[in-house]
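Laboratory data are not the source of any read-out in this text; all were calculated from the coordinates shown. Source: prediction; values computed, not measured. Using ideal geometry, Cβ is built from the backbone for each residue, glycine included, and neighbour counts are taken over all protein chains shown.
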Amino acid sequence: MAGLNLNDDETEGPVVDEEPPKVTMAREKLLEEARKAIEASEKGKRGVSLIVIGHVDAGKSTLMGRLLYELGRIDEKRRVANERGSNKVGKGSFSWAWELDGTQEERERGITMDIAQQSLSTPHRQITILDAPGHKDFIPNMISGASQADCALLVVDASTGEFEAGFERGGQTREHLLLVRSLGVSQVVVAVNKLDMVQWEQSRYDEILGQMQPFLLQSGFQQSKTSFVPVGAMSGVNLVNREGPDATALSRWYTGPTLVDLLDVLEPPSRNITAPLRFPISNVFKGQSAAYAVQGRVCGGIVQVGERLRILPGDESALVKYIEHEEENVEWAADGSNVTLYLTGVDPVHLNVGSVLCSPSDLIPLATVFTARVLVFDVSVPVTAGASVELFHQAHDVPASMSKLLATLDRATGAVIRKNPRVLTKGASAEVQITLRSSAYSGPNARPRPIPLETFAANKEMGRVLIRREGETIAAGVVLEIVS
Amino acid sequence: MKLVGKYINKDGSGHVSLRPEDDEDMWHLYNLIQEGDKVRATAIRRVQNVSSTGSTDSHRVRTNLTLEVTRVEFTPAITSSTADTTNAASTTAADVTASIQISGRVTVENPHAKMGAHHTLDIEVNRDVRIEKEQWDSVALNRVEEACVPGRGAEVAAVVCGEGTAAFVLLSEHLTTIRHRLTSSIPRKSSSSTLHEKGLNRYYQQLYAAFLRHIPYGSPTIKVLVFASPGWIRDSVYDYILKESERTGNKALMRAVREKGVRIHVSSPHVHSLVEVLKSPEITAQLKETKFAKEGITLDRFFKMLGSDEMRAWYGPDHVALAIDRGAVGTLLISDQLFRASDPAERKKYVGLVEAVKDKGGEVVIFSSMHESGQQLNQLTGIAAILTFPLDVEVVEQEEREAKEAEEEERRKAEVAGEDS
C-alpha cells in the first residue's frame, strides 16, 4: 500500500485553530448588492457559459485553442511550447488542442476525454468556455459539462464524409444537440469547421446548412436562436477577423459575422438569485492551504464567503472560505456563475462529485423513486417497464430502472393517450416512474443511495434528467414528483 | 453439491439428502427449500437446565433437528468497499461466504428440543441437509440434478472500471458476487493536470492492491479474467497490472493476466454493464456452454425481438400464460424468484407453465436472480416469452373476453333451459 502515502491528508490538524471568515453581509443586503451588480453588468460585460460540442475529431479543442490565442489569452511562449511538444511526439496537428487537452493521456491519444474549462472575453461578454469531449465513451463527462452551460457552440467537420459520419444515426453531432437541448440550452452557434479541406466551397457550406437547419428546428431550437458561421480553426480564419492570405477564398463569398461577433451577442438567461441555493459539485480537488476546492455552477440562489453550507446527501456541513470566479477572488457568487468554492471544516471524504451544497435552512430533497415526464429518443430497442438504465442528473451517473410506465402522452397537448403502456417506442412522450437501483443484488446494503433531486417546477436545472442505456441516450425528461 | 440420498414416492412426495460444498450450493438450497417443507440438519441448540435448588445452567449441544420451515433467508457473500481515504488493507476479510438461515418449528422431538419449539438452522458447508417435501415437482428435481453435476461451471472474474471506480466481480453458474468496490476520487483535469495525474496514479495503485486481494487469479476454475470499461481505462489498468507484476516478480499473476486476460469495451462503469460483457463475442466464444452466458444471450434475443416484432415478445404472467395456451411460446424466460413464491399454488402455476412449454417442444431458460440478466428479468415481472409466431395481445385478450362471455351465455341458457323443463 505504498501509494497511499501519496495521499497527504493534512485536514485534521490546522483547520481547527483557524478563525472562520466572517459572514460579511446580511442576506438582504447581499441580495441588494447582487441585484445591483447584475444590473450594472447589463450595461457592461455580461457573463455567459458556453459548451463546445460536436462529433469526435470535429476540431472542438483546436478551435478553442486557436480562439484563445487570437483573443490574446495564450501568449506566444505557450504557443511555441505546445507546438514544439506536439511536433516532438509527431502530432503537430494537435498543437492548438494541447492548450485544452492538458493530461498526458489526452495528448498521447489526441482526443479530449474530459471537460476543460477556460474563460475568454469579447467586447460585450465574459464567456466561460467548457470544452466537451466528442468521443461517445465520454458522454457522461460531456453531460456534466452541458448541465453547467447556458449556450452551445456546435462544431461540425465540413470535410467530405466527415460531416455525414457525425450527423447520421449514432453520430455525436446529433446526440450532443439533443442532449444540450434537453438540458435546457436553447441558443446554439454552429461553426462549420475545416472548410479549408474542401477549398472553401460555398456549395459545401450551403449543403451542410441545408441538412442542419431542419434538424435543429425539429430538435426544438428556434430559428432565431441558431446561427451559422464558416471557420477554419487551424489557420484561424473567420474567428476574430478575415485577414491574411488564408481567408481570401472565404471572403469572396462570405460577408457575414465572424465567430467572435456571434459569441458577443449570446443572450444570457435570466438569473434567479432569490431562489434557495443549489450548488451541484462537478469536481473536487485539494487546493492550496488547508481548504478543499469544489468546482461547479450555482444553480439558483446566491452563495457568499463565510456561509456554512450543508452537503447532501449526508449529514456534514462546510464553511466557505473563499470563492474564485474567473481566476479572481470574489465575495459572493450568484445563480448561473461557474465558480470554485474553497471549503474548510470538512473531511474531504464527504465531498463527492454529484453531491449538492445548499444552505442549511433550505435543503434539497433526496430521492430514490420519482416520476418524470420523458421524451423517448430515436431508440433501436423499445423501452420496457423494468429496463435497467443509467440516470444522469447534473454530475451524477447512477444505475436506475424504469420501474413503471404510467402513461403515454400526446406530444403536443400532453393529453393521456394510453395508461400503463407495455412499451415506449421511439418518439413517444410518456410519464414514467424511475427507481434508483442498489449496487448490491441482495443483503444488507441492498437499499439504493438517494440522490439530491428537485422537481422541475421548483428548480429547472435541478429537475432535468437524462436516461441512457448501453451507451445510447434513450430519453430525456423533467422530474414531476418525488415519490420517496 | 453431493447427493447423499434420494427417495421419492410415485406420488411425488419424498426426501432428498444433500451435502453443500460452496456458495453456489447455498443458493441451490435456498431455491429448493420452501415454506412447509421439513428440513433435517445438524444444529447447535442452547439447552437450559433447572436444578432442584432452582439455579439454572445452560450449555450448547450439537444435535440433529427436523423443522417445518416457516422462513428461509439467504445472505450473500459480503461486499467490501474502499472509499478514497481509508486504507485498502484495512477492509474486512473477503472470505465471508454465503449462508442460509432456516426458521421453523421442531417436528421431531428429541431430549434437547421439544415438539413445536422454535429454532433457526444455520446451514453450513459440508454438513448434510435432508429436505422432505410433500410434492417434488419437475423444477425442483431438475435443480437437484443440476446442482449435483460434478466439476460444473467455469468461473469468470471481472473488473469493471470507470474513472476512479472499480468493481471486482466473480461470476459462477448461478451467482454474481461483487467481491469489492473501489472508489477513489480523481480530481478532474480542469483543476490542474498534475493533480489529475497524481489522482490517477493513486487509483491504479489501489486497484492493483485490491486486485491481488479479491481476485483469485491463480485458481484453475477461473477461465477468463475480464477487464471491462468505457474509454481506455481497461488498457491502462491491464498494462499497469502487468507492469507491477513484473516489477514485483509476481509470476503467477503475470501468467494469469497474459493467458486469461480479456479486455472488453462496455458503455458504462456500472456493474450492470456486465450484461454487455457476456454478450461480447470474445466471451461468448469461450463460455458458450455456461448458464450465465446463455441467460445473457436469451435475454438479449428477447429485447431484440421486442424491438423488431413486438407481437412475438410478450411478458407478464397473464400474457405469457395466454401465449402458452395457444402453443405459441418458443422460448420461455423465467426467473427462479417466481419459484420461491411462498404460496404453493403460485409455485405450482409456474411449474405448470414450464412443463406446458416443455411438452410442446419449447425451450425453457430459468434465470438466476443473482445474475444481472436475472435481475433485469425480475424487473420485467420475472417471466417473458419469445413466440414462434406473432400474436397481438389485445386481440388475444379480446378473444378471451369473448370466450368467457360466450361461456356465461351458455350457462345462462342452460340455467334457463333447466328452469323451463
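General remarks:
- Ordered by the number of other Cβ atoms lying within 10 Å of each residue's own Cβ, fewest first, B:Thr388, B:Thr165 fall into the sequence B:Thr388, B:Thr165.
- In percent, rounded to a whole number, the relative contact order of region B:291-390 is 43, using alpha-carbon pairs under 8 Å and six or more apart.
- Modelled spin labels at A:Thr425 and A:Asp378, positioned 7 Å past Cα toward Cβ, are 1.7 nm from each other.
- Taking the helices alone, chain A has a mean residue ellipticity at 222 nm of -6000 deg cm²/dmol, built from -39,500 (n - 2.57) per DSSP H run of at least 4 residues and averaged over all its residues.
- Modelled spin-label separation between B:Lys413 and B:Glu346, with each label point placed 7 Å from Cα along the Cα-to-Cβ direction: 4.0 nm.
- Neighbour-limited loop hits for trypsin sites (Lys or Arg not before Pro), region B:287-326 (at most 10 other Cβ within 10 Å; DSSP other than H, G, I, E, B): B:Lys288
- Neighbour counts of C-beta atoms inside 10 Å place B:Ile383, B:Ile44, A:Ile115 in the sequence B:Ile44, B:Ile383, A:Ile115, starting with the fewest.
- Computed helical MRE - 222 nm, chain B, DSSP H runs ≥ 4 contributing -39500 (n - 2.57), nearest 500: -12000 deg cm²/dmol
- Rounded to whole numbers, the Karplus 3J(HN,Hα) couplings from phi for region A:255-266 are 10, x, x, 8, 4, 5, 4, 6, 5, 5, 10, 4 Hz, using 6.51 cos²θ - 1.76 cosθ + 1.60 with θ = phi - 60°, and x at Gly and Pro.
- Length-normalised contact order for chain B - Cα pairs under 8 Å, 6+ apart - percent: 13 percent
- Only Lys, Arg, Asp and Glu carry charge here, each on its Cβ (+1 for the first two, -1 for the last two); on that basis the protein assembly as shown has a dipole of about 1300 debye about its Cα centre.
- Spin-label pair A:Val349/B:Leu242, simplified geometry with 7 Å Cα→Cβ offset, distance in nm: 3.6 nm
- With the charge dipole of the protein assembly as shown set up from +1 on Lys and Arg Cβ and -1 on Asp and Glu Cβ about the Cα centre, the Cα lying farthest toward the positive end among the listed residues B:Gly327, B:Asn201, B:Val39 is that of B:Asn201.
- Inter-chain shielding of A:115-121 (mean C-beta neighbours from other protein chains, 10 Å cut-off): 2
- Classified by the C-alpha gyration tensor, chain B has an oblate form. Its axis ratio a/c, with a ≥ b ≥ c, is 1.5 or above, and a/b does not exceed b/c.
- Dipole-positive endmost among A:Phe221, A:Leu67, A:Ile127 within region A:43-265 (Cβ charges, Cα centre): A:Ile127
- Across region A:220-238, the residues whose backbone nitrogen lies under 15 Å from the label position 7 Å along the beta-carbon direction of A:Gln202 are A:230.
- Lysines with Cα under 29 Å of B:Lys223, excluding same-chain neighbours fewer than 8 positions away: B:Lys2, B:Lys243, B:Lys251, B:Lys260, B:Lys279, B:Lys288, B:Lys291, B:Lys294, B:Lys304
- Order of B:His371, B:His214 - criterion: other Cβ atoms within 10 Å of each residue's Cβ, fewest first: B:His214, B:His371
- Among the residues of B:196-203, the average count of other protein chain beta-carbon atoms within 10 Å of the residue beta-carbon is 4.
- Prolate/oblate/rounded label for region B:291-390 (Cα gyration tensor, a/c 1.5): oblate
- Of all DSSP bridge pairs formed entirely within region B:291-390, close to 60 percent run antiparallel.
- Along the axis of the charge dipole computed for the protein assembly as shown (Cβ charges of +1 for Lys and Arg, -1 for Asp and Glu, origin at the Cα centre), the listed residues B:Leu212, B:Ser342, B:Gly162 are led at the positive end by B:Leu212.
- The antiparallel fraction among DSSP beta bridges confined to chain A stands at about 80%.
- Scattering profile of chain A at q = 0.10 Å⁻¹ [log10 I(q)/I(0), Debye over alpha-carbon scatterers]: -0.81
- Global geometry of region A:150-293, whether rounded, prolate or oblate, following the gyration tensor of its Cα atoms and the 1.5 cut on a/c: prolate
- Label-reachable residues, region A:402-428, where backbone N falls under 20 Å from a point 7 Å from A:Leu217's Cα toward its Cβ: A:411-413
- For region A:351-371, the residues whose backbone nitrogen is under 16 Å from a point 7 Å from the Cα of A:Arg308, taken along Cα to Cβ, are A:358-363.
- Eligible aspartates and glutamates near B:Lys133 by straight Cα distance, threshold 15 Å, same-chain separation 8 or greater: B:Asp11, B:Glu35, B:Asp37, B:Glu68, B:Asp343
- Take the Cβ atoms of B:Ala403 and B:Asp300, set R0 to 30 Å, and the FRET efficiency comes out at 0.30.
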